[in-house]
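Written out below as structure tokens is the structure these notes cover.
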Amino acid sequence: CLSLSLSASLSLSLPLSFCDPPPQVDAHEDDVNSVAFADVGSQILFSGGDDALCKVWDRRTLREDRPQPVGVLAGHRDGVTFIDSKGDARFLVSNSKDQTIKLWDIRRFSPKEGLQASRQAVTQQNWDYRWQQVPKRAFKSHRLVGDTSVMTYRGHGVLHTLIRCRFSPTFSTGQRYIYTGCSTGRLVIYEVLTGRVVSRLWQHQACVRDVSWHPLLNNIISTSWDGSVCQWDYQMRDGVGEGLAASSPPQSRRRDPETPEDS
């Protein structure tokens, strides 16, 4: 089992105290790739790993000798690369090597059949997403037994690295979108309720690992393995917000290869 560390020491001079040694629980059966709190004031946290499962934990009931999650969310066919909470202690999204994003409601945990189906699907994966192309079987659209996800989003690629996905900001969009990077160099934006792709923005020449949407302004920043960072200025296509469009070509900045990375 892989351990999820709930606290850690820092080698910085900070006015904080940490448990020594930090408490740990055996959280997943494979690499733990992502963790997130449910909201700013919550004791609830989420974790996701290469066992294709998302787990919900309550810090108040964690025990190192008997680690028991509050519940488990099963439905992915391959490892979970990233988790993002909506911040309402109810909904979260997960990105996965099975080339999908899933929306979850933690009031709907998966039954034992769902856990077994996900585990079996993972054991059937014999390809390496870091350097191989996606096999055709990875595009299966039927749901696994016990899949309790609310929605599944398809239209982006998860290859080479642990690509992130997130909810769009509350202030400017009401969190009505989910956005993600893509192995093809695109920034892909889905509408939460319908699952449709409302925008594919392309400027990068290589995998887009991470994207950040400004919480207040109409700006999105994307970063890529091509060495560039792009700023996208966007606008709604019409008054009722049927979609998003880049209002101008993105501003792009590349690292000078002659400049030391730590400068």
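The values are calculated or read from the model by the stated rules, or taken from the named source; none is laboratory data. All values derive from a computational prediction rather than experimental measurement. Counting neighbours? That spans all protein chains shown, and the Cβs are built from the backbone with ideal geometry, glycine included. Calculation scope for accessible area: heavy atoms of the full protein, side chains included, ligands and nucleic acids excluded. Shrake-Rupley method; radii C 1.70, N 1.55, O 1.52, S 1.80 Å.
Structural remarks
- Tally, over region 110-142, of residues that are under 24 Å from Ile189 (Cβ atoms) and outside any loop (DSSP other than H, G, I, E, B): 2
- Members of region 84-100 found to be within 15 Å of Ser118 (Cβ to Cβ) and not in a loop (DSSP other than H, G, I, E, B), listed by number: Ser94, Ser96
- Of residues in region 153-170 being among the charged types (D, E, K, R) and in a loop (DSSP other than H, G, I, E, B), the one farthest from Thr194 (Cα to Cα): Arg164
- Qualifying residue in region 143-152 (condition: within 18 Å of Ala36 (Cβ to Cβ), part of a strand (DSSP E or B) and either in contact (Cβ under 8 Å) with a residue 40 or more places away in the chain or open to solvent by less than 30 Å² (accessible area, probe 1.4 Å) (or both)): no
- Qualifying residue in region 44-52 (condition: open to solvent by 50 Å² or more (accessible area, probe 1.4 Å), of a type outside the set (D, E, K, R) and touching a residue at least 40 places away in the same chain (Cβ under 8 Å)): no
- Per the listing Pro69, Pro111, the residue uniquely open to solvent by 30 Å² or more (accessible area, probe 1.4 Å), of a type outside the set (Phe, Trp, Tyr) and closer than 10 Å to Thr148 by Cα is Pro111.
- Inside region 176-188, residues that are more than 15 Å from the chain's Cα centre (by Cα) and part of a loop (DSSP other than H, G, I, E, B) make up a count of 3.
- Total residues in region 197-215, condition at pLDDT below 95 and either among the aliphatic types (A, V, I, L, M) or closer than 18 Å to Lys102 by Cβ (or both): 2
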